Amino acid sequence: MNKRLLILGALAVGFAGTTIAAAEWWLRNNIETVVVEKQVGAERAAQFTTIAVAAEEMRYGTVLDTTLIKEIAWPKDSLPEGAFADAQELLADGRRVALYPIAPNEPILSTKISGSDDKPSLSRILEEGKRA
């Protein structure tokens, strides 16, 4: 074999190994600082509140009670419109009924449930004494 080719190959392998070792050393010494700074910055930037979500699947007509509702942390700047902070706020006006299916951990929105003490049917919009 050509001596020149062997020397160049050995130099290439040496430089590659040195580069890998230097990169690994830099990552071990600096990555923790970068990750911690990003996490702390993200925690400071995002302020959280609680939101009421379904603890289990709710079908049409399900009467909501505290056993079907749980609270999770949610970023304040991305709260869905019509969301409730907790089960007490959700049930404060009286009985509520699911008008649409609600999946587990899905936020319970005012558009997916009846108003206070309403029934989940056409009868809720009819006057007293009328039938549909």
Six or more apart or on different chains, Cβ under 9 Å: which pairs go from a residue in region 63-78 that's within 10 Å of Thr50 (Cα to Cα) to one that's open to solvent by 70 Å² or more (accessible area, probe 1.4 Å)? Could you list them? Lys70/Asn105; Ile72/Asn105; Ala73/Phe48; Trp74/Phe48; Pro75/Gln47; Pro75/Phe48; Lys76/Gln47; Lys76/Phe48
Among the residues of region 73-132 satisfying the criterion of being of a type in the set (A, V, I, L, M, F, W, C), part of a loop (DSSP other than H, G, I, E, B) and open to solvent by 40 Å² or more (accessible area, probe 1.4 Å), which is modelled with the lowest pLDDT? Leu126
Has region 58-66 got any residue that is of a type in the set (S, T, N, Q), farther than 16 Å from Ser110 by Cα, at pLDDT below 90 and outside any helix (DSSP H, G or I)? no
In region 60-72, residue surrounded by the fewest Cβ atoms within 10 Å (Cβ to Cβ) [restricted to those that are more than 14 Å from Arg96 (Cβ to Cβ) and not aliphatic (A, V, I, L, M)]: Glu71
Of the residues Arg28, Arg44, Arg4, which is modelled with pLDDT under 90, loosely packed, with under 11 Cβ neighbours inside 10 Å and more than 32 Å from the chain's Cα centre (by Cα)? Arg4
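The values are calculated or read from the model by the stated rules, or taken from the named source; none is laboratory data. As the structure is a prediction and not an experimental result, all values here were calculated from the model. Positions of Cβ are backbone-derived with ideal geometry, glycine not excepted, and every protein chain shown enters the neighbour counts. To get the accessible areas, we keep the full protein, side chains included, count just its heavy atoms, and leave off ligands, DNA and RNA. Shrake-Rupley method; radii C 1.70, N 1.55, O 1.52, S 1.80 Å.
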